[in-house]
Amino acid sequence: MSSSGMNGVKKQISTRRVANPGKATVLALGKAFPSQVVPQEHLVEGFLRDTKCDDPFIKEKLEHLCKTTTVKTRYTVLSREILDKYPELTTEGSPTIKQRLEIANEAVVEMALEASLGCIKEWGRTVEDITHIVYVSSSEIRLPGGDLYLSAKLGLKSDVNRVMLYFLGCYGGVTGLRVAKDIAENNPGSRVLLTTSETTILGFRPPNKARPYDLVGAALFGDGAAAVIIGADPLPSEAPFMELHYAVQQFVPGTQTVIDGRLTEEGINFKLGRDLPQKIEENIEEFCKKLMAKAGDDSIEFNDMFWTVHPGGPAILNRLETKLKLGREKLECSRRALVDYGNVSSNTILYVMEYMRDELKKKGDGAQEWGLGLAFGPGITFEGLLLRSLTST
């Protein structure tokens, strides 16, 4: 949109789509990572050294996986200092759940704190204005939980309403958005802090040919945290950039064992079925159409939308792209997040959302209004959001 001033020179006017009354919006976003950076090209050497493994088969397999994951950089809580303090973490069969939780419980809250502070700073209001907190993690176990420790460290009011979501895996971030949406829309004036925080400490272990998925985890997963502020009916001082228009969760019957995680004395053990990408491909089209129907425009097609998809791995993104006949650029934000951070479980969808916010701003008037937010995890569970861009045009 443009207008002419008194001197006849046209100037650009920035406008913003208006959120629907009573609908939850994303008002700010923050993220945080541990200090240990792991370039993918150094992963194999460091992992084999730390686990004292000299098996050439394991080395060859891990080198192959590091290339196929497309990941370039990850962050990790695990450090040389931690391994020196807890050498038993690299010993096969050691009962180390106590040690792992000593590390993880503290680390996830510290990362969540940093991400939340960054988010609140971007939001521009005070912590006293936060009425609810939704805390998501598959990386800690204790009572009270990280939601209370984070609330205390942030200085939130003692009557802040807390919700804790544990062990949802990769779809946890979208579940958190759905829960925060429901809270915001049913409590007028509320402002919800959603925080996700994850570390791979619970699943770190020395390689074993009997557990091939451990190597996939070593090549793919990373650590970090993210936070967003969710609220309906934004104030003039707030800057909503995305509306959470509609949310739905669905599980695929008979697939409970495709992603299987068990907590043991050695930490958490995962088994991942080879048919996971296929199961997602078989069910994704109907799921997406169910969300799209809520936009109220039957003419909208898949390529008319923007896509914020949790990048569980390149195979899942490739299958989704092929099945829905998406243009290559549609999943660019998801692929970029995978390259830059790896799969950081529940956090990753919020990293994708940040990249998408930047992309929509760049496109200006050409940006799509409607989009989908998707994540998949144990169950097999599908979490989906119909999103509406509110970025300036």
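The values are calculated or read from the model by the stated rules, or taken from the named source; none is laboratory data. As the structure is a computational prediction, the values presented were derived from the model and not from experiment. Cβ placement follows ideal geometry from the backbone for every residue including glycine, while neighbour counts extend to all protein chains displayed. Only protein heavy atoms, including side chains, enter the accessible area calculation; ligands, DNA and RNA are left aside. Shrake-Rupley method; radii C 1.70, N 1.55, O 1.52, S 1.80 Å.
Some values worked out for this structure:
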{"item": "All positions within segment 272-289 that are touching a residue at least 60 places away in the same chain (Cβ under 8 Å) and not β-branched (Val, Ile, Thr)", "result": "276, 279, 283, 287, 288"}
{"item": "Residue ID - most open to solvent (accessible area, probe 1.4 Å), chosen from residues in segment 249-271 that are closer than 24 Å to residue 103 by Cβ and in contact with a Ser or Thr (Cβ under 7 Å, 6 or more places away or on another chain)", "result": "266"}
{"item": "Subset of segment 182-215 [β-branched (Val, Ile, Thr) and open to solvent by less than 40 Å² (accessible area, probe 1.4 Å)]", "result": "183, 192, 195, 196, 199, 201"}
{"item": "Scope segment 290-339; condition open to solvent by 50 Å² or more (accessible area, probe 1.4 Å), assigned to a helix (DSSP H, G or I) and farther than 20 Å from residue 379 by Cβ; matching residues", "result": "293, 294, 303, 304, 318, 322, 328, 329, 332, 336"}
{"item": "Test: residue in segment 351-369 that is open to solvent by 10 Å² or more (accessible area, probe 1.4 Å) and under 23 Å from residue 250 (Cα atoms)", "result": "no"}
{"item": "Selection count where residues are touching a residue at least 12 places away in the same chain (Cβ under 8 Å), more than 20 Å from residue 171 (Cβ to Cβ) and not in a helix (DSSP H, G or I), scope segment 194-225", "result": "7"}
{"item": "Selected residue [on the phi > 0 side of the Ramachandran plot and at pLDDT 95 or above] from 371, 342, 327", "result": "342"}
{"item": "Cross-chain or 6+ apart pairs with Cβ under 6 Å, segment 333-349 first and under 16 Å from residue 43 (Cα atoms), then part of a helix (DSSP H, G or I)", "result": "341/351; 342/220; 343/220"}
{"item": "Residue pairs meeting the criteria (Cβ under 6 Å; at least 6 apart or on separate chains; first open to solvent by less than 20 Å² (accessible area, probe 1.4 Å), in segment 46-74; second in a loop (DSSP other than H, G, I, E, B))", "result": "51/206; 58/207; 71/342; 74/222; 74/342"}
